[in-house]
Amino acid sequence: MNKWLKAVILTYLSLLFFGSFIAVGVLFTGALEERLPFVADIKIFLYYFFAGAIGGSLRHLYMFCSHYMKNELTDYRKWIIYIFYPIFATGTSVVAVTLIQSGILLIEFVEFDDTPFAQISLAFFVGFGFNRFVRKLNEVSKNMFQTVNGENNNSETNQPIEKEKS
């Protein structure tokens with residue numbers, strides 16, 4: 001991997017990490033709501049979004065630095081992980097909290113003076129463990145949508161889906 005690509009990835013992950021903290025601060029102060037009134041309607045989801053961004057970028061900053069120190073950044077295909085996984089983690093964090101609040105995933109949040117600290121913390125953990133959460137979500141969806149005979153069928157061909165290799 002070229003030095004310029006390493007620098008771009010490190011800059012991107014750092015900006016995403018620190019920028020998400022700044023965005024949470026701006027949300028908390030309410031400064032954004034004065035200029036963009038619709039933000040008040042989606043504010044809680046933005047907290048989840050940025051918590052996922054903090055978790056995802058922190059994990060990938062750690063991975064990037066660990067691989068850099070071990071001189072393991074030689075495969076060009078792996079740069080995609082550092083660019084896209086933190087982005088995927090943001091949306092997945094919002095979806096995770098929404099699934100739990102809807103009752104589909106059985107975790108109960110305790111309300112604490114109308115502050116969603118537990119939900120925001122969960123969004124951070126989902127962002128940090130994005131790939132693990134997606135694997136678990138895949139297992140849940142397989143169990144949830146099993147057919148009568150216990151097999152998952154491909155909806156297009158009505159043939160059993162082959163088991164994924166882990």
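The values are calculated or read from the model by the stated rules, or taken from the named source; none is laboratory data. Just so it is clear, the model here is predicted, and its values are computed rather than measured. Cβ atoms come from the backbone with ideal geometry, glycine included; neighbour counts cover every protein chain shown. What goes into the accessible areas is simple: the full protein's heavy atoms, side chains included, and nothing from ligands, DNA or RNA. Shrake-Rupley method; radii C 1.70, N 1.55, O 1.52, S 1.80 Å.
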**Prompt:** Among the residues of the range 1-35 satisfying the criterion of being closer than 25 Å to L58 by Cα and outside any helix (DSSP H, G or I), which is most open to solvent (accessible area, probe 1.4 Å)?
**Reply:** N2
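Give F38, F88, F49, F84 a once-over and let me know the one that is touching a Gly at 6+ places or on another chain (Cβ under 8 Å) and open to solvent by 80 Å² or more (accessible area, probe 1.4 Å).
On the way: F38 fails: touching a Gly at 6+ places or on another chain (Cβ under 8 Å); F49 fails: open to solvent by 80 Å² or more (accessible area, probe 1.4 Å); F84 fails: touching a Gly at 6+ places or on another chain (Cβ under 8 Å).
Exactly one residue qualifies, and that residue is F88.
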